[in-house]
Amino acid sequence: MVSESIDEYKKALTHSNNNDSYSRVGLANINYSQSVQVRGDVFKQEEHLRKAMQSYFGVLELDDANCFGSLGIANVLCEYNKVHEAKEIYKLLSQSEPESLAGQNANLNLAHILMNENNFEFAVNLY
């Protein structure tokens, strides 16, 4: 099923001259998801995270206001334990796009980070 999704996203990119940000985000999300699934294998995880990050940056090169590209970058940064940088992106997204799905996901991810930092009062307010 994943390979079928990848094929469809690649077809869409081919037909759009690689200018379809939706397909780029989709491919990046697949790579990110696969990185989570192979956490026990550092080399495979790194490969998927690198591909995801490249794809998310590619999305932002096409559309610098793409919230899902920014959200994906923050998620990958968390995987690299760059939590401070990810928090800043999550804050920006949750403030600038509070009603969008990307903004809501950013808010939830920010709450999870605050919980991990034992900052329960602020985390509860975000949930």
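Under the condition of being in contact with a helix residue (DSSP H, G or I) (Cβ under 6 Å, 6 or more places away or on another chain), of a type outside the set (S, T, Y) and either farther than 19 Å from R50 by Cβ or touching a residue at least 40 places away in the same chain (Cβ under 8 Å) (or both), the residues counted in region 88-104 number 4.
Quick check on region 72-92. Is at least one of its residues closer than 21 Å to A111 by Cβ, of a type in the set (K, R) and not in a helix (DSSP H, G or I)? Yes: region 72-92 contains one or more residues that are closer than 21 Å to A111 by Cβ, of a type in the set (K, R) and not in a helix (DSSP H, G or I). Taking the listed residues E46, E79, the one that is surrounded by 13 or more Cβ atoms within 10 Å (Cβ to Cβ), within 23 Å of H112 (Cβ to Cβ), touching a residue at least 40 places away in the same chain (Cβ under 8 Å) and out of contact with any Gly (no Cβ under 9 Å at 6 or more places or on another chain) is E79, with no other qualifying.
Filtering Y127, Y90 for residues that are outside the structural domain of R24 (by TED's automatic domain parsing), on the phi < 0 side of the Ramachandran plot, exposed (fewer than 14 other Cβ atoms within 10 Å of the Cβ) and touching a Leu at 6+ places or on another chain (Cβ under 8 Å) leaves a single hit, Y127. Of all residues in region 93-124, those being more than 27 Å from A65 (Cα to Cα) and surrounded by 17 or more Cβ atoms within 10 Å (Cβ to Cβ) number 0.
Taking region 12-40 as the range and being among the charged types (D, E, K, R) and surrounded by 12 or more Cβ atoms within 10 Å (Cβ to Cβ) as the test, the residues that pass are D20, R24.
Screening Y9 against (1) touching a residue at least 24 places away in the same chain (Cβ under 8 Å); (2) in a helix (DSSP H, G or I) leaves a single unmet condition, (1). The residue that is modelled with the highest pLDDT, among those in region 13-25 that are assigned to a helix (DSSP H, G or I) and within 20 Å of the chain's Cα centre (by Cα), is V25.
Part of a loop (DSSP other than H, G, I, E, B) and in the same structural domain as S3 (by TED's automatic domain parsing): which single residue out of R39, R50 fits that description? Going through R39, R50 in turn, just one is part of a loop (DSSP other than H, G, I, E, B) and in the same structural domain as S3 (by TED's automatic domain parsing): R39. Checking each residue in region 71-110 for being farther than 20 Å from V36 by Cα and among the hydrophobic types (A, V, I, L, M, F, W, C) picks out I89, L92, L93, L101.
The values are calculated or read from the model by the stated rules, or taken from the named source; none is laboratory data. Quick caveat: nothing in here was measured; it's all calculated off a predicted structure. Cβ atoms come from the backbone with ideal geometry, glycine included; neighbour counts cover every protein chain shown.
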